[in-house]
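In what follows, a single structure is set out as structure tokens and then discussed.
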Amino acid sequence: MKIKETPLKDCYIIEPTIFEDDRGYFFEKYNEKRFEELTGLNGHFVQDNISKSSYGVIRGIHLQKGEHAQAKLVSCLEGRVWDVAVDLRKDSPTFGKWFGIELTAENKTQLYVPRGFGHGFSVLSETAVFAYKCDNFYDKESEAGVLYSDSYLNIDWGIPEQDAVLSEKDQILPGFNKE
């Protein structure tokens, strides 16, 4: 496993070491001890979520606030997505900045999104299966988010605007608050 820093504080790219032969491949998807050694962060996850979406779907920008805030370790199990993390921690030197990376079933790369970040992705392939490991349990009352098309953040979702497919909830999220 290789850990790479992103331009955002505490947000990491995780690349597995893949062992391939004529039978297929093997890789360690996650190792809590190794993750903590390489990042210095707590990597204890308590909930796994899976979503399947079709081309053009944008899910996000979502987060949980307060005592139910979640760090996420995300990956694409099938297809291709453009994954986006947004630093929403007001005391962070990278507050209001975003980072995007293509996660695919082929590259098996993961992104660690810390607590206090917004997270979203767009589907670049016909369909995609996306996995989230979360370090805290979901709590509906703690849901929050930022509008995917916020002009200040100016996120490139990797798909034409006319192809974007959003839930009603995601279409009415508030804009980014710089204060």
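The values are calculated or read from the model by the stated rules, or taken from the named source; none is laboratory data. As the structure is a prediction and not an experimental result, all values here were calculated from the model. All Cβ positions, even for glycine, are placed from backbone atoms using ideal geometry, and neighbour counts span all protein chains on display.
Taken over the stretch 69-93, residues that are among the hydroxyl-bearing types (S, T, Y) and either at pLDDT below 95 or surrounded by fewer than 18 Cβ atoms within 10 Å (Cβ to Cβ) (or both) amount to 1.
In this structure, is D156 of a type in the set (D, E, K, R) and surrounded by 15 or more Cβ atoms within 10 Å (Cβ to Cβ)? Write out each step before concluding.
On the way: of a type in the set (D, E, K, R): yes; surrounded by 15 or more Cβ atoms within 10 Å (Cβ to Cβ): no.
No: the conditions fail for D156.
From the list T104, T127, T109, T94, the one residue that fits, being farther than 30 Å from F19 by Cα and of a type in the set (V, I, T), is T94.
Report yes if some residue within the stretch 94-101 is assigned to a loop (DSSP other than H, G, I, E, B), hydroxyl-bearing (S, T, Y) and within 13 Å of L8 (Cα to Cα); otherwise report no.
Within the stretch 94-101, one or more residues are assigned to a loop (DSSP other than H, G, I, E, B), hydroxyl-bearing (S, T, Y) and within 13 Å of L8 (Cα to Cα).
The set of residues from the stretch 16-49 being farther than 22 Å from F99 by Cα and of a type in the set (V, I, T) comprises T17, I18, V46. Take G66 and tell me if it is among the small types (G, A, S) and surrounded by 15 or more Cβ atoms within 10 Å (Cβ to Cβ). So G66 does not fit the description; no. Name, by its number, the condition in (1) of a type in the set (G, A, S); (2) over 18 Å from L124 (Cβ atoms); (3) touching a Ser or Thr at 6+ places or on another chain (Cβ under 8 Å) that does not hold for G40. Looking at each condition in turn, G40 falls short on (3).
One line per residue, one yes/no per condition, for (1) under 30 Å from Q162 (Cα atoms); (2) in a strand (DSSP E or B); (3) aromatic (F, W, Y); (4) within 15 Å of the chain's Cα centre (by Cα):
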| site | (1), (2), (3), (4) |
| --- | --- |
| I13 | yes, yes, no, yes |
| F19 | no, yes, yes, no |
| K52 | yes, yes, no, yes |
| E67 | no, no, no, no |
| V81 | yes, yes, no, yes |
| D91 | no, no, no, no |
| R115 | no, no, no, yes |
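Filtering L38, L8, L77 for residues that are part of a loop (DSSP other than H, G, I, E, B), out of contact with any Gly (no Cβ under 9 Å at 6 or more places or on another chain) and touching a residue at least 24 places away in the same chain (Cβ under 8 Å) leaves a single hit, L8. Please tell me if E67 is out of contact with any Cys (no Cβ under 8 Å at 6 or more places or on another chain), free of Cβ contacts under 8 Å to residues at least 24 places away in the same chain and not hydrophobic (A, V, I, L, M, F, W, C). Here the answer is no, as E67 does not meet what is asked.
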